[in-house]
Amino acid sequence: MRHHLLALAVATTACSAYADPTLTLSTSTTSRDWPLTSGEVTINLSKQTYQLAISGIDSGCKDVFADKFRFSKPLPLKCNSDTELEMKIRFSGDYTFSYDALNQTIRVVRQAKVSENSTFTRPLPQVQCLQNSGKTIDIGVGDTFADGEVVREIFSGKTYRVKNGAVKLTPPVSSGGLVAFESTTMTEHPFTYQNANIYFVMVDRFNNGDSSNDQSYGRQKDGKQEIGTFHGGDLKGVISKLDYIQSLGTDVIWLSPIVEQVHGFVGGGDKGSFPFYAYHGYWTRDFTKIDENFGKDEDLQNLVQEAHKRGIRVFLDAVVNHAGYATLADLQFDNLPVVSNQIKNWIPDENQNWHSVHQHINYQSEHWLDWWGKDWVRAGLPNYQKPGSSDTTLNLAGLPDFITESDKAVTPPKWLLNNPGTRVEHRDNYTVADYLIEWQTDWVKRFGIDGFRVDTVKHVEGDVWLSLKAQASQALNHWREKQAQSGQDFWMMGEVWGHSAYRSPYTDQGFDALINFDLQKKMDKAAVCLSTMDETYQTIRILLLQIQVIRP
């Protein structure tokens, strides 16, 4: 591994950058951006809760800003940080977002007209680039390189000697402000997750290594665009591409969830225009077994072994906040008497859409208590706890929300205990969180999983994450002892939507890293002017220094 450092050389004239504000709407599974270039955009929205964010406002704001969303009212916006508000859409339809640049406000009004702007686009922002002044500058390299060491600037090929913790140079006009140094000597350095190259694999969409499992549990193709159906990717497909993944300089493979997903579909889109299956892995049915579409235990064991041989670690995606939907196929498979009659391979007729499947399910039946049960999840079902409005009690995208804060002992539902191939067992005095943590850490104990990417972090209590980290770390240590292996501590990175590069309280809840979603918005400007990334790189540099001080 080469010792290297990437930096932006800010030898520029004082010419500030600017861009139009960006509107971002997010749910638990999707996020879309609309630039407010014209000051107004109309979007078709379905009935659910969105996170609304307005970013890219650098000046002109007043001291007061909106702390609660209201329709048809001008909402004052923040400067130099995102304005984030929860927006509940109770009636599907078109909504116009009007931005007032003079008063720095946003107003949202429901419209009767048909939207012409319902698709996601990301045009390049209007940015005025900084200009290279041609001056000689000093770039600090910290402790990356020692004083007196000779380093090479990668893009120009020139060499420089480090003096007083810095390199003096004149950035080439063609560099765009980007400078990268590497050691002139090949030096091996121990692996650290802080500088890891992580390769994300959406398993179903990656590579099909075994076509015989493409339609497990009776899943069907739609014969059209196949937007929401399973495509056939599996663990064998990942294994066959390991040499390719290694050639990219990959240190870690992060797999989308591979546990058994709900067998059936829900209606896709506001109009139910396609069948939407759980190919993505975030609608879990059974947390203890591999979905048959993705493979078998031996496939995961082989993947971990082959990845480790290549020096690649393996992360699984851990979902603790919610389970999958109650689909028609699952309710029938589990013999829950809430379906009007037995229906196989249901498809809508010419007067229906894919939402019409609900007409075959009785949502008022008392037998819903035989599903997950009122002590396990919140759901809009008879005798269940109703969803709340806080981060930890709401139902993301209508998904059943696990009651992870409960200290009540529970028993897994009968259908889950009887699920073919399950590893779920009744435990005395186990709470909901106890079961979920055991189910997640069992993968570490059995296969030597190196870390988790944790889903929907802010929607689960911090003590649950601390317990997950502690038990997963212990499980990995035990696995390594049996295998006579050693390695880095168990690593946990979290998904907190909208998080940027700073040390937040989530760091004290067992997380070694948090995904920097804010970087995505900054990269829009960087596509036009790379020099706009200087502040971002400086922020990340300060964050890394803070982490080193707190956790040497």
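Based on the alpha-carbon set only, what is the convex hull volume of region 161-258 divided per residue, in Å³? Numbers along the way, then the final one.
Values: hull volume 18.4 nm³, N = 98.
In region 161-258, the Cα hull volume divided by residue count equals 188 Å³.
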- Task: Pick out, in residue order, every one of the chymotrypsin sites (Phe, Trp or Tyr not before Pro) in region 333-441 that is DSSP loop and has at most 13 other C-beta atoms within 10 Å; say none if there are none.
- Result: TYR363
- So how much accessible area does MET523 have, in Å² to the nearest 10, using a 1.4 Å probe? 90
- Message: Considering only protein heavy atoms and a probe of 1.4 Å, how much of the accessible area of the chain is carbon and sulfur, as a whole percent?
- Response: 49
- Item | Neighbourhood net charge (15 Å Cβ-Cβ; Lys/Arg +1, Asp/Glu -1) for ARG378 | -2
- Query: For TYR244 and ILE347 in one chain, what is 0.36 nm times their gap in residues minus the Cα-Cα distance, to one decimal in nm?
  - Reply: 33.1 nm
- Message: Compute the helix-to-body angle for 462-483: its Cα long axis versus the longest principal axis of the chain, expressed 0 to 90° and rounded to tens.
- Response: 80
- Residues of region 376-408 with amide N under 20 Å of the 7 Å Cα→Cβ point at LYS73: 389-390
- Message: Leaving out ligands and nucleic acids, and using a 1.4 Å probe, what accessible area per residue does the chain come to in Å²?
- Response: 49
- Message: For the chain, I need the span (max minus min coordinate) of the C-alpha atoms along each principal axis, in Å, sorted largest to smallest.
- Response: 78, 65, 46
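So which trypsin sites (Lys or Arg not before Pro) in region 180-239 are both in a DSSP loop and have at most 15 other Cβ atoms within 10 Å of their Cβ?
Numbers: sites: ARG205, ARG219, LYS221, LYS224, LYS236; in loops: ARG219, LYS221, LYS224.
Sparse-neighbourhood loop trypsin sites (Lys or Arg not before Pro): LYS221, LYS224.
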- Message: Rolling a 1.4 angstrom probe over the protein chains, ignoring ligands and nucleic acids, what is the accessible area of VAL460 in square angstrom, nearest 10?
- Response: 10
- Item | Computed helical MRE - 222 nm, the chain, DSSP H runs ≥ 4 contributing -39500 (n - 2.57), nearest 500 | -5500 deg cm²/dmol
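Please compute the length gained on full extension between ASP270 and GLN364, using 0.36 nm multiplied by the number of residues separating them and subtracting their Cα-Cα distance.
Details: separation 94, 0.36 × 94 = 33.84 nm, distance 2.32 nm.
This chain segment gains 31.5 nm when fully extended.
The values are calculated or read from the model by the stated rules, or taken from the named source; none is laboratory data. Just so you know, these numbers come straight off a predicted model, no measurement behind them. Heads up, the Cβs are rebuilt from the backbone with ideal geometry, glycines too, and the neighbour counts pull from every protein chain shown. Just the protein is used for accessible areas: all its heavy atoms, side chains included, with ligands, DNA and RNA removed. Shrake-Rupley method; radii C 1.70, N 1.55, O 1.52, S 1.80 Å.
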